[in-house]
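This report concerns only the one structure given below.
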Amino acid sequence: TDEALVDFLQDTKRAMPRVELLRNEQNRGFVVSANRGMRRAEGRNVVLLNSDTIVVEGFIDKLAACAYADERTGIVSPLTNNGTICSVPQFCADNDLPADMSVDEYGRLISDTSLRQRPELVTAVGFCMYVRAEVFGRIGYFDEDRFGRGFGEENDFCERAKAAGYAIRLCDDLFIAHAGKAS
């Protein structure tokens with residue numbers, strides 16, 4: 001319903017022919033819409049990114065590097081200011097962005113000070129998830145019947161991925177700003 005976003009997406013599609021814009025006739029909720037997009041990836045890796053985020057330069061490369069750091073990793077989420085277990089500087093809190101730094105500057109600080117340990121997570125956080133294509137082939141997509149409009153679908157998805165032998169990791173050298181509950 002955000003016409004400014006619709007205009008931006010249509011302009012992006014015109015400027016970049018490889019972009020495919022999928023629009024639903026009616027609001028079917030996050031889970032159905034996300035699955036529709038992920039299915040269209042047809043054997044490619046997917047970055048699921050909420051519209052209320054601000055990314056930094058090189059974010060896809062960092063997510064991919066974390067996802068391919070070992071063979072077990074299937075799903076990755078980055079650090080953020082508002083993403084429960086991925087939140088910094090305060091864990092499981094909605095943190096304000098530093099008033100004296102841009103998102104890019106804060107992202108560089110995170111990257112420059114990261115130990116790049118890429119720890120395992122109990123679950124990815126849905127504001128930003130990088131999913132290797134092979135995961136979809138093994139476990140499918142989000143459960144539309146149980147999680148229709150959203151909230152909790154990524155937890156179920158990650159539990160199924162872990163049961164299939166995949167690890168969920170934190171991309172601890174990447175920061176993506178997240179407003180939260182505004183997508």
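Restricting to region 23-54, count the residues that are modelled with pLDDT of 90 or more, open to solvent by less than 80 Å² (accessible area, probe 1.4 Å), over 18 Å from Phe151 (Cβ atoms) and not small (Gly, Ala, Ser).
3
Of all residues in region 119-130, how many are at pLDDT 95 or above and in contact with an Asp or Glu (Cβ under 6 Å, 6 or more places away or on another chain)?
Total meeting the criteria: 1.
Against the definition (of a type in the set (Gly, Ala, Ser), under 21 Å from Glu154 (Cα atoms) and without any contact (Cβ under 8 Å) to a residue 60 or more places away in the chain), how does Ser87 come out, yes or no?
yes
Which one is farthest from Cys86 (Cα to Cα), of the residues in region 156-178 that are assigned to a helix (DSSP H, G or I) and open to solvent by 10 Å² or more (accessible area, probe 1.4 Å)?
Only one residue fits best here, namely Ala163.
If I go through region 122-154 residue by residue, how many of them are free of Cβ contacts under 8 Å to residues at least 40 places away in the same chain, within 17 Å of the chain's Cα centre (by Cα) and surrounded by 15 or more Cβ atoms within 10 Å (Cβ to Cβ)?
Residues meeting the conditions: 1.
How many residues does region 105-121 hold that are part of a helix (DSSP H, G or I), farther than 14 Å from Lys62 by Cα and open to solvent by less than 70 Å² (accessible area, probe 1.4 Å)?
Number satisfying all stated conditions: 1.
Residues being at pLDDT 90 or above, more than 20 Å from the chain's Cα centre (by Cα) and either closer than 24 Å to Tyr141 by Cβ or not in a helix (DSSP H, G or I) (or both): count how many of those fall in region 1-16.
Residues in region 1-16 being at pLDDT 90 or above, more than 20 Å from the chain's Cα centre (by Cα) and either closer than 24 Å to Tyr141 by Cβ or not in a helix (DSSP H, G or I) (or both): 2 in total.
Which one of these does Asn35 not meet: (1) over 23 Å from Ala179 (Cβ atoms); (2) assigned to a strand (DSSP E or B)?
(2)
The values are calculated or read from the model by the stated rules, or taken from the named source; none is laboratory data. On a predicted model such as this, the values are computed, not experimentally measured, just so you know. So basically every Cβ, Gly included, is an ideal-geometry build from the backbone, and we count neighbours across all protein chains shown. Note: accessible area is taken over every heavy atom of the protein model, side chains too, but ligands, DNA and RNA are not part of it. Shrake-Rupley method; radii C 1.70, N 1.55, O 1.52, S 1.80 Å.
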